[in-house]
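The structure under discussion appears below in the form of structure tokens.
The values are calculated or read from the model by the stated rules, or taken from the named source; none is laboratory data. Model, not experiment: these values are computed from the prediction. Here the Cβ is made from the backbone with ideal geometry for all residues, glycine too, and neighbour counts use every protein chain on show.
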Amino acid sequence: MQRSLVIAFVLAGWLGCDRNVEPFDPNEQPAAPDLSRIFPAGAEQEEAGPPSLPPTPGRGAPPLATEASGADGPPIRGTVSVADELAGRVPPGAVLFLIARRGGGGPPLAVERTPSPRFPLEFSLGPEDRMIQTLPFAGEVQITARLDADGNAMSRQPGDLEGRAPTAVSPGATGVAVVLDEVLGE
């Protein structure tokens, strides 16, 4: 009984499939498939994405500001320092991650990675540090810094130092002071 079912399924699949049965034609030109039988007229819908992200470029979306007019703002400049009471807790070989993030959440707008930093450290965080190149470097961002002992941006180990700028800033801001004044896990 089971053997005859297996044979029936194999024959049904073999006999029911008519793909690639025509001989190869080297002069055939590629063409877009006719989708009118699958999607009747009027059924077109715009591809939906998360509300916080712009439409995907190249899919009928208008060009982003960065593509159209070079509207990226100038870099944000400032210094990162370590609070006096934590100066002895800076591990050798640590990596400093300087992060610009928009208030609405989502991925960081820009990140700068500095191995074995010396404090105070002057920084310049700009359009060249963007995580997603199609997002414009514009608008208010919160600047945070984390001194990570293992150098892995994805891990947050107890003992890593962290700090943030006291207020949100916009591209072109200068004199931004970030103080590493918090110890993770304490």
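Scanning region 173-186 for residues that are farther than 13 Å from Arg146 by Cβ, in a loop (DSSP other than H, G, I, E, B) and at pLDDT 95 or above yields Ala173, Thr174, Gly175. Would you confirm whether any residue within region 109-122 is over 18 Å from Gly163 (Cα atoms) and surrounded by fewer than 19 Cβ atoms within 10 Å (Cβ to Cβ)? No, region 109-122 has no match at all. In region 133-158, the qualifying residues are those that are among the small types (Gly, Ala, Ser) and crowded, with 16+ Cβ neighbours inside 10 Å, and the one that is farthest from Leu86 (Cα to Cα) is Ala138.
Conditions first: (1) at pLDDT 65 or above; (2) charged (D, E, K, R); (3) loosely packed, with under 14 Cβ neighbours inside 10 Å. Arg59 passes all but one, so which condition is the exception? Checking Arg59 against (1) at pLDDT 65 or above; (2) charged (D, E, K, R); (3) loosely packed, with under 14 Cβ neighbours inside 10 Å, the one that fails is (1). Determine whether region 93-101 contains at least one residue that is of a type in the set (Lys, Arg) and either within 20 Å of Ser155 (Cβ to Cβ) or buried (at least 16 other Cβ atoms within 10 Å of the Cβ) (or both). For region 93-101, residues of a type in the set (Lys, Arg) and either within 20 Å of Ser155 (Cβ to Cβ) or buried (at least 16 other Cβ atoms within 10 Å of the Cβ) (or both): present. Among residues belonging to region 112-163 that are among the polar types (S, T, N, Q) and in a loop (DSSP other than H, G, I, E, B), point out the one that is farthest from the chain's Cα centre (by Cα). If we take residues in region 112-163 being among the polar types (S, T, N, Q) and in a loop (DSSP other than H, G, I, E, B), then Ser116 is farthest from the chain's Cα centre (by Cα).
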